[in-house]
Each structure stands twice: as structure tokens, then as C-alpha cells.
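The structure under discussion appears below in the form of C-alpha cells.
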Amino acid sequence: QVHLVESGGGLVQPGGSLTLSCEASGDIFKIDDMGWFRRTPGKERQLVAKISKSGTTDYADSVKGRFTISKDSAKNTLYLQMTSLKPEDTAVYYCHAGRPAAYYSTHRLDYWGQGTQVTVSS
């Protein structure tokens, strides 16, 4: 089992910055992918950014150039640095971790944090 806890959400004005953190614990050595998703009312979670175990990153087109995902493996912590925030960035942000269900298996297990609210408003 993997446990994820997000922190750092809050209220920020348009154009402002905010950094989210996600601390991972439990059976984390099998994790090969981590990322950030966000969800607004009435919509499913959408990928914001992800990072592989090797450090390869990927971003949603809507946040490229504004958000940066990073990790501190020694602290088992994932970060999302958000700049130039827009009202449309308002959402509940979730930390995600994934791993294979078994060796040589295409099935995967997904773990989610509780979510942290980010509100961008003037």
C-alpha cells in the first residue's frame, strides 16, 4: 500500500505563484510513475504533469511553461511549482502514484492523495 498526502493549496490571485507538495509513504519502492492531476466540479480528473522514476517529465499543454514538476527522492516528496496562475487553474489537485501490479504484468495499481484545493481569484 502507498499513502500520499498533499499540502500547499490555498487562495492566490491571478498571475501569482503557489507550490504544492506530496509526501509518499508505505510500499513506495515499486513506484515507477508519479504525477499531479486536477479536478473541477462535474469533471473527471485530468493530468497536469507527471514524472517517471528516471526523471522524464510530461505536462498538459495548458500548463506548459508555467508549471514545473519535480521530486526529492531522499525525502519521498513530489512537488508542483505553479506560476502565472489563471482562474481556470482553480481545481482540487491530487497527487498520484502508479506501479505494476506484478512483475511482467500490464496491469497497474493506482494510488491517490486526498487532494488540496487551489483557488485562483481576484
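Can S25 be described as out of contact with any Ser or Thr (no Cβ under 8 Å at 6 or more places or on another chain), closer than 14 Å to G113 by Cα and among the small types (G, A, S)?
Details: out of contact with any Ser or Thr (no Cβ under 8 Å at 6 or more places or on another chain): yes; closer than 14 Å to G113 by Cα: yes; among the small types (G, A, S): yes.
For S25, the condition - out of contact with any Ser or Thr (no Cβ under 8 Å at 6 or more places or on another chain), closer than 14 Å to G113 by Cα and among the small types (G, A, S) - is met.
If a residue counts only when it is small (G, A, S) and under 19 Å from V5 (Cα atoms), which strands (runs of 3 or more DSSP E) contained entirely in segment 33-122 have at least 1 such residues?
Numbers: elements: 33-39, 46-52, 57-59, 67-72, 77-82, 91-100, 108-112, 116-120.
Qualifying strands (runs of 3 or more DSSP E): 33-39, 46-52, 67-72, 91-100.
Under 7 Å by Cβ, and 6 or more places apart or on different chains, what pairs join a residue from segment 1-30 that is part of a loop (DSSP other than H, G, I, E, B) with one that is among the basic types (K, R)?
Cβ pairs passing all conditions: P14/K86; K30/R99.
Mind checking whether some residue in segment 82-95 is out of contact with any Ser or Thr (no Cβ under 7 Å at 6 or more places or on another chain), among the hydroxyl-bearing types (S, T, Y), over 24 Å from D32 (Cα atoms) and open to solvent by 40 Å² or more (accessible area, probe 1.4 Å)?
Looking for residues that are out of contact with any Ser or Thr (no Cβ under 7 Å at 6 or more places or on another chain), among the hydroxyl-bearing types (S, T, Y), over 24 Å from D32 (Cα atoms) and open to solvent by 40 Å² or more (accessible area, probe 1.4 Å), one finds at least one in segment 82-95, hence yes.
Between a first residue in segment 46-63 that is on the phi < 0 side of the Ramachandran plot and without any contact (Cβ under 8 Å) to a residue 40 or more places away in the chain and a second residue that is part of a strand (DSSP E or B) and of a type in the set (S, T, Y), which pairs have beta carbons less than 6 Å apart while being 6 or more apart in sequence or on different chains?
The qualifying pairs are A49/Y59; I51/T57.
The values are calculated or read from the model by the stated rules, or taken from the named source; none is laboratory data. The model shown is predicted, which means the values in this text are computed figures rather than measured ones. Using ideal geometry, Cβ is built from the backbone for each residue, glycine included, and neighbour counts are taken over all protein chains shown. Heavy atoms of the whole protein, side chains included, go into the accessibility calculation; ligands, DNA and RNA do not. Shrake-Rupley method; radii C 1.70, N 1.55, O 1.52, S 1.80 Å.
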